[in-house]
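Values in this text are rule-based calculations from the coordinates and carry no lab data. The shown structure was predicted, so the numbers you read here are calculated from the model rather than taken from an experiment. As a convention, Cβ positions derive from the backbone with ideal geometry for all residues, glycine included, and neighbour counts pool all protein chains shown.
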């Protein structure tokens, strides 16, 4: 992937994949009609006369499309019926100006990435019956665990809390003056330690438990949006999306561990961390703090 390649998802609202199987639009419709996704069911339609598989009214503003284009399968969001292109452009422009996406835009962008994951599996010859995102979360309720992190107040030593919807503190985080070491605590006990490499061309982080390294994260050289990658417990880690606007997925292996965004229905100065695996809540919080640290560096420069 090149420095400017924005085709492979990452909550950007557009994606593409090589059409190795030589699928037609009709093939895509037949296969997708049998696959459960979280954002609707497909119909065969068109975009200004060009055939396309469509998921209609995914949000009030957007439909999701998928079609063959030359040697690729492309997919993305497009203004819904009844929503003018001017309104859609104004909505996207407002998101960029405010440096965050509204709920509808964020949902549509994640739907595109969900569809991309399905198409990639089909192109690899895998049998698919449902997307990972449509499955229940690996929690006792089957729903994601929602925690919230407030923006940090300016101080010599960073200290902040991660809390639940009732604003009860669940995690406490303390960093040193150099912002190189962070202690992640739960019920007064350290559960993980986050360390930042002192000398590195690109930011590099390590997550430890009892002096044993569990994860290693490094910023990827990319000239569009910041992107992080590494390993967690021996599995590939990929963090991509809108780090500036706090709308991104934390993916470990082939599953999304957590999604971070801004929930403005509660407090205007906090970020929501939705965690889909109850056994990895500590790790999800640590990775969210890494992203927050990279965000701060990017905006300070």
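Details
- Residue exposure proxy: 231, 141, ordered by other Cβ atoms within 10 angstrom of their Cβ from fewest to most, comes out as 141, 231.
- Rounded FRET efficiency, nearest 0.05, which uses the C-beta distance separating residue 212 from residue 177 and R0 of 25 Å: 0.45
- At an R0 of 25 angstrom, the distance between the Cβ atoms of residue 159 and residue 191 translates into a FRET efficiency of 0.95.
- Semi-axis lengths (Å, descending) of the ellipsoid that matches the C-alpha gyration tensor of the stretch 109-231: 32, 22, 15
- Taking other C-beta atoms within 10 Å as the exposure proxy, 180, 287, 147 rank 180, 147, 287 from fewest upward.
- When each of 34, 26 is scored by the number of other beta-carbon atoms lying within 10 Å, the sequence from fewest to most is 34, 26.
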